[in-house]
Amino acid sequence: MGKIKIVQGDITTVEVDAIVNAANSRMLGGGGVDGAIHRAAGPELLAACKKVPAEKGVRCPTGEARITEAGNLNAKYVIHTVGPRYGVDEPAERLLETAYQNSLNLALAHGCQSIAFPAISCGVYGYPLKEAAHIAISVCTRPEYDPLTICFYLFSEDMAAIWTTALKNHCHE
Ligand code: AR6
């Protein structure tokens, strides 16, 4: 298993090769972590997002990921991924899994050694936290991602505890 870290804190302050953004499919910013990342990165990030090809306004379909430069963030790239809206986008579990998987694959393809994730779909998209943590950890511990140092930035102490438990459970499986 590669290195996995769980940190309670603000993902916009982290120094890594790639910061993952929990975006929406239009990729033009929003609330939550998306808004925080765009504010910290500055207007260059929005300009980079606008260059991503769109089909009927959709730059990144649910479960997929796109990579851009990172503006003023302490990162080389922002990887934008779109998690499922819980109870709306189905199959939710598979879509959350592919959101993580496609983000990690893009990081590897761009030579990244370190990547930071927020809790994708766990805010306004309403995914149950324990289930989301289990999916996140199951994907990130796959052997193909061993070359990456993967850091989860969770906003609250409670969420960090849920992720820590999921990682412990996985190690004892
Ligand atoms: N650092 C780390 N985590 C954060 C930060 C931060 N600075 N800010 C919020 N979180 P959400 P979603 C946590 O709602 O559910 C946006 O409007 C937050 O507490 O940001 O995937 C997009 O444009 C929560 O645990 O993302 C989409 O429309 C987690 O990040 C939609 O929200 C994710 O919450 C995506 O919804």
Based on alpha-carbon centroids, what's the gap between region 131-155 and region 26-53 in Å, whole number please? 24 Å
Using mean Cβ contacts within 10 Å as the protection proxy, how do 69-79, 124-134, 161-171 order, highest first? 69-79, 124-134, 161-171
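Return the percentage of antiparallel bridges among DSSP beta bridges fully within region 3-171, rounded to the nearest 5 %.
Details: 6 of 23 bridges.
Just about 25 percent of them are antiparallel.
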Once the Cα atoms of region 11-86 are picked out, what are the Rg and Dmax in Å? 11.2, 34
So Leu46 and His170, fully extended at 0.36 nm per residue minus their Cα-Cα distance, gain in nm 40.9 nm
Mean Cβ count within 10 Å, highest first, over the residues of peptides 55-66, 10-21: 10-21, 55-66
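Given a cut-off of 23 Å, name the pairs among Lys50/Lys76; Lys56/Lys130; Lys76/Lys168; Lys76/Lys130; Lys50/Lys130 whose C-alpha atoms lie farther apart than that in the structure shown.
Too far apart for the 23 Å limit: Lys56/Lys130; Lys76/Lys168; Lys76/Lys130; Lys50/Lys130.
Using 0.36 nm times the number of residues separating Leu28 and Lys56, minus their current alpha carbon distance, what extension gain do you get?
Details: separation 28, 0.36 × 28 = 10.08 nm, distance 1.36 nm.
In short, 8.7 nm is gained.
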A student asked for the Cα radius of gyration and Dmax of the chain in angstrom ought to give 14.6, 45
Under the Karplus curve 6.51 cos²θ - 1.76 cosθ + 1.60, θ = phi - 60°, whole-Hz ³J(HN,Hα) for region 100-115, x wherever Gly or Pro sits: 5, 4, 5, 5, 5, 5, 5, 4, 5, 4, 9, x, 6, 10, 9, 8
Using a 7 Å offset from the Cα along the Cα-to-Cβ direction at both Asn72 and Ala109, what is the distance between the two label points in nm, to one decimal? 3.0 nm
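Give me the percent of accessible area attributable to carbon and sulfur for the chain, probe 1.4 angstrom.
On the way: 4160 of 8310 Å².
Ligands and nucleic acids excluded, carbon and sulfur give 50 percent.
The values are calculated or read from the model by the stated rules, or taken from the named source; none is laboratory data. These numbers come from a predicted model, not from an experiment. Here Cβ is always computed from backbone atoms with ideal geometry, including for glycine, and neighbour counts include all displayed protein chains. Heavy atoms of the whole protein, side chains included, go into the accessibility calculation; ligands, DNA and RNA do not. Shrake-Rupley method; radii C 1.70, N 1.55, O 1.52, S 1.80 Å.
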